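**Student:** Here you go, one structure.
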Amino acid sequence: MAQPWSSPAQTSPASALNDAAGAGRHPDARTTTTGLRALSCRSTLGRSPHTQHHVDQVGQALAEEDPAGDVWRYSATVDAEWPRPSRRTAELMRDVAECLLASTSVAVDEVVAAAHREAEYRALLEDPQLAAADRHMSKAYFRHWLSATLQDPGARVGPCVDPEVLQFARDLVRRGLDMHDLGSWRGAQHGAWELWVDACFATTAVVGELRDLMKVSERSMTTFIDDSIAALDEYVEQERADLARGASAERHATVQLLLEGAPIGRAPAESRLGYALAGSHVAAIIWSDSADEAAGLDAAAETVMKICGASRRFTLNASATVLWVWVPADTVPSAEAAEAGLDGHPGIRVAFGRCGRDLDGFRRSHLDAAAAQRLLARMGSARPVVRYEDVALVSVLTADMAQADQFVTDTLGDFATADPVLRQTVLTYVRERFNGSAAAERMFTHRNTIERRLARADQLLPVPLADNAASVVAALMLVQLRD
């Protein structure tokens, strides 16, 4: 980001303010998600006396759940002595908030990227559904504080209790995740604070106005985060207590141990899960990108079980929009068969792992499915069904998307943008072991047509297909996933 200032030490005002505010993390500053970090700034990295006073007040506040059980309300004590900004400072804060609200998506992207670059815990970031929920949380908190600041600049902003954020917190508790990640906090601290300071310096160049603007902004933003952390922490602790009293807690804990490769005996694991771990397993991750379509997840899991030729399944609710499923099966259904079976479940998507045996197979098949799901997220693919065995090479190639894009360009050249039928002909021809007649039969066309298409493909490819078939197929699979 271009800086509208310079100094002999080449230090931006945002960095200077950040460094001054960032000394010494308070031991009470805790959260369960990177989303709160999006506006943390210095809230957990050293509290001033006036902020600690407000945090103490929050600690005495009353948390209550509404009769419907869906909305969490956290009542903070209103401080009658909260200082009010001058009229000019209020005007400047309103201008800055309005500016950032107009570009919320861009701002959130920058803050989340800063947090994720420094994150030490990767479990949340590598799960597409949790990562999307984390980004929504960042946006919800950002918009909440900016909107309140626009309405009443400099005032104490109440905690954000967005229903989707609370669902995200429940999902994290259910997964047993603990996101006390200092690296991510500090990354987001610099990202969020620099965004605000940049906008402040773009609004006024008067030193006195900037000084007052920074003081009031820091107080409002910091206290908002402290209050929100206190509210969310209390909510999470209640969720943990509720979960610990349920039978599902033991099932989740056992699955986590198995996936981590912990030395757990088969007999006790089977007893806790109610599922036999001996023999073959096929794991599937079933999810929806919308909470509105999540009601069909269980029916889709039943369909997946039947497609796999199994009569029972083990299902774990990973989150409100994700199911983890294992079935005792020897083979993974074809993508075509799975898509046909899921036609009656709109909005539902499935990632299959490879078949595996016993405890290690239970673990490995799920990790395969998770890798396939992450691949679709990296590629931005809307494909409803993916099998890890079909995309294993692509998964490795796309670990670095910039290199993957270059690989496609170097390998396919003009063929990357050729007619989809021409590209599919090449894939089918290679998969049929370079047999033109078999490819023609598979594509319901004449062999001469196949040969003409292959000749055209050789004209477009930088290197003839016969000399570079493996790379061409891998590159075509990358292109196919994006289409």
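The values are calculated or read from the model by the stated rules, or taken from the named source; none is laboratory data. Keep in mind that this is a model prediction, so the values were computed, not measured. In this analysis, Cβ positions are derived from the backbone assuming ideal geometry, glycine residues included, and neighbour counts consider all displayed protein chains. SASA here: full protein model, heavy atoms, side chains in, ligands and nucleic acids out. Shrake-Rupley method; radii C 1.70, N 1.55, O 1.52, S 1.80 Å.
**Student:** Determine, yes or no, whether LEU297 is out of contact with any strand residue (DSSP E or B) (no Cβ under 6 Å at 6 or more places or on another chain), within 22 Å of HIS252 (Cβ to Cβ) and surrounded by 20 or more Cβ atoms within 10 Å (Cβ to Cβ).
**Tutor:** Here the answer is no, as LEU297 does not meet what is asked.
**Student:** Moving on to the next point. Taking VAL479 as the residue in question, decide whether it is touching a helix residue (DSSP H, G or I) at 6+ places or on another chain (Cβ under 9 Å) and at pLDDT 90 or above.
**Tutor:** Taking the combined requirement at face value, the residue does not satisfy it.
**Student:** Can you confirm whether segment 288-298 contains a residue that is at negative phi, modelled with pLDDT under 95 and assigned to a strand (DSSP E or B)?
**Tutor:** yes
**Student:** Would you pick out the residues in segment 299-333 that are in a helix (DSSP H, G or I) and under 23 Å from the mean Cα position of the chain (by Cα)?
**Tutor:** Matches in segment 299-333: ALA300, ALA301.
**Student:** Can you confirm whether segment 326-342 contains a residue that is of a type in the set (A, V, I, L, M), over 25 Å from ALA299 (Cβ atoms) and modelled with pLDDT of 90 or more?
**Tutor:** no
**Student:** Considering ASP289, ASP298, which residue is under 17 Å from GLY344 (Cα atoms) and free of Cβ contacts under 8 Å to residues at least 40 places away in the same chain?
**Tutor:** ASP298
**Student:** If you don't mind, another one. Run down GLU389, GLU432, GLU441, GLU451 and say which single residue is of a type in the set (Asp, Glu) and open to solvent by less than 70 Å² (accessible area, probe 1.4 Å).
**Tutor:** Going through GLU389, GLU432, GLU441, GLU451 in turn, just one is of a type in the set (Asp, Glu) and open to solvent by less than 70 Å² (accessible area, probe 1.4 Å): GLU432.
Residue-wise test of (1) open to solvent by 50 Å² or more (accessible area, probe 1.4 Å); (2) β-branched (Val, Ile, Thr).
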{"site": "ALA340", "(1), (2)": "yes, no"}
{"site": "GLY344", "(1), (2)": "yes, no"}
{"site": "CYS355", "(1), (2)": "no, no"}
{"site": "LEU375", "(1), (2)": "no, no"}
{"site": "SER381", "(1), (2)": "no, no"}
{"site": "VAL385", "(1), (2)": "no, yes"}
{"site": "ALA404", "(1), (2)": "no, no"}
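**Student:** Only one residue in SER103, SER75 is of a type outside the set (Asp, Glu), surrounded by fewer than 15 Cβ atoms within 10 Å (Cβ to Cβ) and at pLDDT 80 or above, so which one is that?
**Tutor:** One residue alone meets the criteria, SER103.
**Student:** Something else: Checking the structure you have, find out if any residue of segment 264-274 is touching a strand residue (DSSP E or B) at 6+ places or on another chain (Cβ under 6 Å), open to solvent by 40 Å² or more (accessible area, probe 1.4 Å) and closer than 25 Å to ARG357 by Cβ.
**Tutor:** Within segment 264-274 (the criterion being touching a strand residue (DSSP E or B) at 6+ places or on another chain (Cβ under 6 Å), open to solvent by 40 Å² or more (accessible area, probe 1.4 Å) and closer than 25 Å to ARG357 by Cβ), the answer is no, since none of the residues qualifies.
**Student:** Taking into account only those residues within segment 78-96 that are closer than 22 Å to CYS160 by Cβ and either of a type in the set (D, E, K, R) or modelled with pLDDT under 50 (or both), which is least open to solvent (accessible area, probe 1.4 Å)?
**Tutor:** The extreme case among them is ASP79.
**Student:** Yes or no: segment 469-481 includes at least one residue that is out of contact with any Lys or Arg (no Cβ under 8 Å at 6 or more places or on another chain), closer than 27 Å to ALA369 by Cβ and open to solvent by 40 Å² or more (accessible area, probe 1.4 Å).
**Tutor:** Within segment 469-481, one or more residues are out of contact with any Lys or Arg (no Cβ under 8 Å at 6 or more places or on another chain), closer than 27 Å to ALA369 by Cβ and open to solvent by 40 Å² or more (accessible area, probe 1.4 Å).
**Student:** From (1) open to solvent by less than 60 Å² (accessible area, probe 1.4 Å); (2) touching a Lys or Arg at 6+ places or on another chain (Cβ under 8 Å); (3) closer than 30 Å to ALA169 by Cβ, pick out the condition that doesn't hold for GLY279.
**Tutor:** Failing condition for GLY279: (3).
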